[in-house]
1. For the stretch 170-189, how many residues are open to solvent by less than 20 Å² (accessible area, probe 1.4 Å) and closer than 20 Å to Asp371 by Cα?
2. For the stretch 55-71, how many residues meet the condition of being open to solvent by 30 Å² or more (accessible area, probe 1.4 Å), farther than 19 Å from Asn104 by Cα, in contact with a Lys or Arg (Cβ under 8 Å, 6 or more places away or on another chain) and not basic (Lys, Arg)?
3. Pull out all pairs, ordered by first then second residue, where Cβ-Cβ is under 8 Å, the residues are six or more apart or on different chains, the first lies in the stretch 410-430 and is part of a helix (DSSP H, G or I), and the second is among the small types (Gly, Ala, Ser).
4. Report yes if Glu238 is in a helix (DSSP H, G or I) and touching a residue at least 40 places away in the same chain (Cβ under 8 Å), otherwise no.
5. What's the number of the condition Ile336 fails, among (1) modelled with pLDDT of 95 or more; (2) in a loop (DSSP other than H, G, I, E, B); (3) touching a Phe, Trp or Tyr at 6+ places or on another chain (Cβ under 7 Å)?
6. For the stretch 255-284: of the residues being assigned to a helix (DSSP H, G or I) and of a type in the set (Val, Ile, Thr), which is surrounded by the most Cβ atoms within 10 Å (Cβ to Cβ)?
7. So which residues in the stretch 320-361 are small (Gly, Ala, Ser), closer than 23 Å to Glu396 by Cα and open to solvent by 20 Å² or more (accessible area, probe 1.4 Å)?
8. Please go through the stretch 362-403 and give me each residue that is open to solvent by less than 60 Å² (accessible area, probe 1.4 Å), part of a loop (DSSP other than H, G, I, E, B), out of contact with any helix residue (DSSP H, G or I) (no Cβ under 7 Å at 6 or more places or on another chain) and in contact (Cβ under 8 Å) with a residue 24 or more places away in the chain, ordered by number.
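The values are calculated or read from the model by the stated rules, or taken from the named source; none is laboratory data. Since the structure is predicted, the reported quantities are computational estimates derived from the model, not experimental observations. Here Cβ is always computed from backbone atoms with ideal geometry, including for glycine, and neighbour counts include all displayed protein chains. All accessible areas refer to the heavy atoms of the entire protein, side chains included, with ligands and DNA or RNA removed. Shrake-Rupley method; radii C 1.70, N 1.55, O 1.52, S 1.80 Å.
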Amino acid sequence: MRKTLGWLLSLVVLIGTMGAAGFTAQAATAAGPSVATDIKDEILAIPGMSLIEEKPYPGYRFFVLNYEQPVDHRQPSKGTFKQRFTLLHKDVSRPTVFYTSGYNVNINPRRSEPTTIVDGNQVSLEYRFFTPSRPDPANWANLDIWQAASDQHRLFTALKKVYKKNWLATGGSKGGMTATYYERFYPRDMDGVVAYVAPNDVVNKEDSAYDRFFAKVGTKECRDKLNAVQREALVRREPLEAKYAAAAAANGWTFTTVGSLDKAFEAVVLDYVWAFWQYSLLADCATVPTAATASDQEIWDSVDAISGFSAYADQGLETYTPYYYQAGTQLGSPDIKQPHLGNLSRYGYQPPRNFVPRDIPMTFQPGVMADVDKWVRNNANQMLFVYGQNDPWGAEPFHLGYTVRDSYVMIAPGANHGANVAKLQDGERELATAKILQWAGVAPAATLTGKATAQPLAKPDPQLDQQDLERELQLRP
């Protein structure tokens, strides 16, 4: 739903400040005065909706809920499952932001950047097949991007009856991908999309863009320092694997899915350089040890801090099985060359199949990402893509063609996987903020006429505005 902006936009801001956070607008009846309805009652009146808990937060109502969804949207009669989501309610007179991380939902009150910018409500949906939002029994063939987009469409359709103002879709990383796929399949639902650091692996077997990225990111001094530590970890495989075995015994880690401790060890080490640039900044190179003089413990500590030795144990993989399944069936995954490792690598970058239990069948579907990429290039309308200059996942971004409307790709200088609008250069930051406000239908009149700089409408809240980066490794965007 794309709405034409006009003089009414200035009124929306005024109207949006009038409602009480805990109630909907009053419903007038012919019999007498209007009666206020509690927002919780309105939400729970929606068929298939159930409350898990309500948590207090100043200025908002925050609910953790379940919504009953079809296991297969193409065949609703095949059964249902409960999909968890949260609702940060401010007022029905405000716009609503539909957020997803693409993974589990955070059940604590949080506010995405677009929600802060528009001072709105936020619906945060857990991605299907991430526990507890997993059908039982789980038919993994029903985990694909269309089914997930249909989850969003169905929940939006139900909630739009209550939250009638404009809606924006957003998310970071896999969440940014999810917001994009939702727009591709249901382009009439949202009034705008803000996709952060969203990878776009159009051709799964063509990954040279990542090699070019790692050849120039940061400085040569930093690149050489990281490469040396990564190489040294493989040179010292025997003593470091002894530490790994001890850590596994102490923590109860097992390696059935990946196949062996040796394969898990190498997977963690090969993530090291990627994970550094994904989560760290150029200035953090100062904390990287000098490989030639570092002790085994220093090498271990650096790899563990940046990559995480628990990641490829069964216990670390289990939570992310749905992601690896999607990477190996539709999303694709990167495979980069690391010539500085010589013949020290025994397995290379391991495919997603190695990180999913063997009893779950997987077949890659070529063409799925190319379809989305083509649609975005030709049909994007009121979409904003934000990337970090030093984020490896930005090596294969979304691109916009000549036929798109009011859509943008912006890059935050020096930023990593946590890039956002606030980190953009001044002119782009102001433009992005103005567009988000316009798409949400709450742009102050002064920003529409260019007489004032666009600014977030909500006051900062350190707790609510925490950026909960999914702590992923190289293979998890």
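1. Within the stretch 170-189, the subset open to solvent by less than 20 Å² (accessible area, probe 1.4 Å) is 170-171, 173-183, 189.
In the following step, the residues that additionally are closer than 20 Å to Asp371 by Cα were identified as 173-183, 189.
Within the stretch 170-189, residues that are open to solvent by less than 20 Å² (accessible area, probe 1.4 Å) and closer than 20 Å to Asp371 by Cα number 12.
2. Total satisfying the criteria: 1.
3. Close Cβ pairs satisfying both conditions: Val421/Ala432; Lys423/Gly388; Lys423/Ala412; Lys423/Ala415; Arg429/Ala422; Glu430/Ala454.
4. Values: in a helix (DSSP H, G or I): yes; touching a residue at least 40 places away in the same chain (Cβ under 8 Å): no.
In short, no.
5. Going through the list (1) modelled with pLDDT of 95 or more; (2) in a loop (DSSP other than H, G, I, E, B); (3) touching a Phe, Trp or Tyr at 6+ places or on another chain (Cβ under 7 Å), Ile336 breaks only (1).
6. Filtering the stretch 255-284 down to residues assigned to a helix (DSSP H, G or I) leaves 261-270, 272-279, 282-284.
Right, trim to of a type in the set (Val, Ile, Thr) and you get 268-269, 273.
Details: Val268: 26, Val269: 24, Val273: 23.
The selected residue is Val268.
7. Of all residues in the stretch 320-361, those small (Gly, Ala, Ser) come to 327-328, 332-333, 342, 345, 348.
Remaining after also requiring closer than 23 Å to Glu396 by Cα: 327-328, 332-333, 348.
Hit for the stretch 320-361 is Gly348, nothing else.
8. Result: Ala380, Pro397.
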